[in-house]
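Here's the structure we're looking at; comments come further down.
Every read-out reported here was derived from the displayed coordinates using simple, explicitly stated rules and does not represent laboratory data. Keep in mind it's a predicted model, so treat the numbers as computed, not measured. When we count neighbours, we look across all protein chains shown, and the Cβ atoms used for this are built from the backbone with ideal geometry, even at glycine.
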Amino acid sequence: NAGVMQNPRHLVRRRGQEARLRCSPMKGHSHVYWYRQLPEEGLKFMVYLQKENIIDESGMPKERFSAEFPKEGPSILRIQQVVRGDSAAYFCASSPQEAATNEKLFFGSGTQLSVL
Amino acid sequence: DAKTTQPNSMESNEEEPVHLPCNHSTISGTDYIHWYRQLPSQGPEYVIHGLTSNVNNRMASLAIAEDRKSSTLILHRATLRDAAVYYCILRGTGNQFYFGTGTSLTVIP
């Protein structure tokens, strides 16, 4: 049973370009979470999605960032017009149902975004 | 989600027990206490969780204070592969796991 798959593992973009990060949840999981981790910091929640729905995007920057989780295919985190401050590790996690208080999350290995 | 307080770093000798503390004085009655760890260059992985009673699994033990305002993650015999950042998280209602900065554990051979 494959775990949470994220690709690419490393992504290099120049300022102003677009970054697309992909996340395939574990088989049977319909809930996806995206987190960002800046160097020497903890993980910061960004967005929580179910299939075709954004449930909570309270941690997502208001501009340039968007996320989707279509009926078919992986979840996508999209960053438009990247800036150097977007350089970070982006982690995706999935759960079989809404992460209730005693439910655990399964994380991918992350995408390291570097903006030149 | 309520917040937690952990020491920034700890050291342990290999094959000795490690006690990682966490304070969560604002915990509510329905908050679960979760522990995750993050190895270098990897995503976090689940370690253990509990509500009121102490918990044991193949990875670790979780000791929860009677008033639930603190807890301790216990690694019974630290190995070099246990070197990681350990996060103590309160999980209540809402969609966010608040990770904080965690405790960086160094295991000395």
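Values for this structure:
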read-out: Residue in the range A:79-102 that is part of a loop (DSSP other than H, G, I, E, B), out of contact with any Leu (no Cβ under 8 Å at 6 or more places or on another chain) and either crowded, with 19+ Cβ neighbours inside 10 Å or among the β-branched types (Val, Ile, Thr) (or both) present; value: yes
read-out: Hits in the range A:32-68 - residues which are without any contact (Cβ under 8 Å) to a residue 12 or more places away in the chain and either away from chain B (no Cβ under 11 Å) or under 13 Å from residue A:78 (Cα atoms) (or both); value: A:61, A:62, A:63
read-out: Failed item in (1) exposed (fewer than 12 other Cβ atoms within 10 Å of the Cβ); (2) charged (D, E, K, R); (3) touching a Lys or Arg at 6+ places or on another chain (Cβ under 8 Å), with residue B:58 passing the rest; value: (3)
read-out: Within the range B:1-47, strands (runs of 3 or more DSSP E) holding 3 or more residues that are under 10 Å from the mean Cα position of the chain (by Cα); value: B:18-23, B:32-38
